Amino acid sequence: GSAAAARPALRACRLPVQAAGPLRFSLPSVQLRGQQTLGSASTPLARHAVRHAWALSEERLVEVEWEDGGHSQYPFTWLRDNCQCPKCFLASAEARTLLLSDVDINIGIDAVEVTDDSKVSIVWPDKHTSVFDAEWLKKRCFSAAARQALQEDLFLNERYYWDSKLRVPTADFEEVLRDDKAALDWLLALRRVGIVYLKGAPTERGQVARLAERIGYLRLTFYGHTWQVQDKHMANNVAYTSEMLNVHTDYPALHFAPGVQFLHCIMQAAEGGESQVVDGFHMAEQLQREDPEAFRMLTSLRVDYTDKGTDYCDFNLQSKTFTINVDAEGRVQKISFNNATRDSILDLPLHQVQPFYRALKAYLDIMDRPQNVFTYRMEPGDFVTFDNWRLLHGRKSYVSRPDMLRHLEGAYLDWDEVMSRLRILRSAVHGNA
């Protein structure tokens with residue numbers, strides 16, 4: 001779609017920097033800009049009861065009236081496809097066993113009734129019976145508002161946008177490892193804000209692996225399960241030098257770039273080495289507002305990336321990716337930009353080359369504005385955990401001494417594993433699925 005069509009959806013997923021009310025989640029004792037705090041998002045679901053249920057044969061829908069007076073409608077085909085009985089569903093695996101090839105997608109209904117325990121019972125033409133729990137049905141209501149609420153609950157798509165005035169959410173490293181509530185608050189903040197500090201880690205290698213085990217497992221890449229950011233002779237990556245690094249996302253040379261990055265400061269440089277981050281989603285919104293044509297180009301033209309060398313093993317990567325990746329509703333999903341590994345191959349027709357450069361430069365110029373860049377300095381024992389699909393990160397050049405050789409250990413995870421652990425922790429802390 002056009003940039004204009006995408007704009008309302010893009011704005012809809014934004015939490016303003018200074019919202020009128022408190023955010024829906026809180027990280028104890030840590031405030032962001034203004035008076036908002038980060039906090040756990042979920043509250044236990046209210047119990048729902050069914051008052052009536054009936055079939056609308058012409059529309060091929062079952063309509064449910066709830067005790068609170070609300071109504072929901074469910075298609076016949078969807079109900080048959082999602083029968084929860086032991087013949088159609090393996091409860092121990094929470095997996096459907098009914099084959100869609102065995103479902104008549106034009107199926108009718110013989111009878112619908114509400115059971116004494118407020119469940120909806122359906123008898124199909126072949127006399128098979130399906131019984132649906134009220135809570136199960138209510139959660140899967142097809143209304144636009146219910147669908148939006150469920151998607152937000154499942155994926156936490158709302159983001160808290162920020163600029164140079166950000167106060168980074170901060171937690172204690174050891175507390176996150178041992179306490180479910182602290183770990184949940186950490187992951188909620190990581191999702192919503194995109195960056196969280198953890199303080200108090202031991203100043204030795206292996207801590208990024210400990211933290212990853214709190215979630216699930218590390219993402220193995222060609223640089224290893226973990227990697228050491230140090231000034232190295234004959235560096236095979238620009239990060240392994242003492243030079244300035246412009247803000248970038250890691251690994252766009254992989255078609256599926258890592259979603260989350262951990263960096264642990266084991267030793268800091270004698271001078272320099274300050275870290276810098278930019279909220280790429282926020283900057284994409286600004287670009288869309290200021291230069292819709294540039295936004296359109298960066299969401300529709302794929303850029304070539306390459307990475308070659310030897311580390312964990314030898315590698316020769318080649319990828320094509322959008323600089324700004326948006327979903328069908330126009331919401332920004334991922335930023336991909338790394339000037340070092342952007343290939344000299346540019347698979348564009350001649351007439352698009354100059355407009356592409358103009359668009360990319362417009363986006364980078366917004367990210368270079370001082371009011372948009374947050375700068376911080378890591379000290380030994382500090383962790384930074386951040387969203388590699390959203391944040392662009394970099395650092396200033398540094399000078400080391402023999403007794404102060406800058407050393408960060410890093411690791412990657414993917415958002416699927418992080419969101420899995422977040423949902424498990426949320427259920428453990430709040431007692432609801």
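The values are calculated or read from the model by the stated rules, or taken from the named source; none is laboratory data. All values reported here derive from a predicted model rather than from experimental measurement. FYI the Cβ positions are ideal-geometry reconstructions off the backbone, even for glycines, and counts take in every protein chain you see.
Overview of results
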| quantity | calculated |
| --- | --- |
| Single condition GLY381 does not satisfy, out of (1) farther than 30 Å from ILE215 by Cα; (2) more than 25 Å from the chain's Cα centre (by Cα) | (1) |
| Selection from the range 51-95 of residues that are among the aliphatic types (A, V, I, L, M) and more than 31 Å from the chain's Cα centre (by Cα) | ALA53, ALA55, LEU56, LEU61, VAL62, VAL64 |
| Test set (1) in a loop (DSSP other than H, G, I, E, B); (2) touching a His at 6+ places or on another chain (Cβ under 9 Å); (3) not aliphatic (A, V, I, L, M) - GLN228 fails condition number | (1) |
| Failed item in (1) modelled with pLDDT of 95 or more; (2) over 24 Å from PHE374 (Cβ atoms); (3) aliphatic (A, V, I, L, M), with LEU211 passing the rest | (2) |
| Residue in the range 33-49 that is modelled with pLDDT of 50 or more, of a type in the set (S, T, N, Q) and surrounded by 13 or more Cβ atoms within 10 Å (Cβ to Cβ) present | no |
| Per-region count, the range 140-160, residues under 14 Å from the mean Cα position of the chain (by Cα) and part of a loop (DSSP other than H, G, I, E, B) | 3 |
| Hey, THR115 in contact with a strand residue (DSSP E or B) (Cβ under 9 Å, 6 or more places away or on another chain), β-branched (Val, Ile, Thr), modelled with pLDDT of 95 or more and not assigned by TED's automatic domain parsing to the domain that holds HIS71 or not | no |
| Hits in the range 271-291 (condition: closer than 21 Å to LEU245 by Cα and acidic (Asp, Glu)) | GLU271, GLU274, ASP279 |
| Boolean, ALA171 is surrounded by 22 or more Cβ atoms within 10 Å (Cβ to Cβ) and either assigned by TED's automatic domain parsing to the domain that holds GLY431 or modelled with pLDDT of 95 or more (or both) | yes |
| Sole residue being in contact with an Asp or Glu (Cβ under 9 Å, 6 or more places away or on another chain) and over 30 Å from PHE89 (Cβ atoms), chosen from ILE195, ILE105, ILE122 | ILE195 |
| Identity of the residue in the range 262-272, buried (at least 21 other Cβ atoms within 10 Å of the Cβ) and in a loop (DSSP other than H, G, I, E, B), that ends up modelled with the highest pLDDT | GLN268 |
| Filter result (under 25 Å from GLY381 (Cα atoms) and under 10 Å from the mean Cα position of the chain (by Cα)) within the range 409-428 | ASP414, TRP415, VAL418 |
| Pairs with Cβ under 9 Å, 6+ apart, first in the range 61-88 and within 21 Å of ASP126 (Cα to Cα), second of a type in the set (Asp, Glu) and in a strand (DSSP E or B) | TYR74/GLU63 |
| Qualifying residue in the range 341-352 (condition: among the aliphatic types (A, V, I, L, M), outside any helix (DSSP H, G or I) and either touching a residue at least 60 places away in the same chain (Cβ under 8 Å) or on the phi > 0 side of the Ramachandran plot (or both)) | no |
| Any chance ALA235 is crowded, with 18+ Cβ neighbours inside 10 Å and in the same structural domain as ALA171 (by TED's automatic domain parsing) | no |
| Residue within the range 291-312 that is over 24 Å from the mean Cα position of the chain (by Cα), in a helix (DSSP H, G or I) and within 23 Å of GLY194 (Cβ to Cβ) present | yes |
| Long-range neighbours under 7 Å by Cβ, at least six apart or interchain, first residue assigned by TED's automatic domain parsing to the domain that holds ALA362 within the range 282-308, second basic (Lys, Arg) and surrounded by 18 or more Cβ atoms within 10 Å (Cβ to Cβ) | VAL303/ARG342; TYR305/ARG342 |
| Tally, over the range 334-344, of residues that are under 24 Å from the mean Cα position of the chain (by Cα) and surrounded by fewer than 17 Cβ atoms within 10 Å (Cβ to Cβ) | 1 |
| Pairs, first farther than 12 Å from VAL64 by Cβ in the range 126-140, second of a type in the set (D, E, K, R) and assigned to a helix (DSSP H, G or I), C-beta under 8 Å, six or more apart | SER130/ARG80 |
| Pairs with Cβ under 7 Å, 6+ apart, first in the range 269-281 and at positive phi, second surrounded by 24 or more Cβ atoms within 10 Å (Cβ to Cβ) and not in a loop (DSSP other than H, G, I, E, B) | GLY273/ARG395 |
| Of all residues in the range 238-261 being among the β-branched types (Val, Ile, Thr) and assigned to a loop (DSSP other than H, G, I, E, B), the one that is surrounded by the fewest Cβ atoms within 10 Å (Cβ to Cβ) | THR241 |
| The range 404-422, residues that are assigned to a helix (DSSP H, G or I), of a type outside the set (A, V, I, L, M, F, W, C) and surrounded by 18 or more Cβ atoms within 10 Å (Cβ to Cβ) | none |
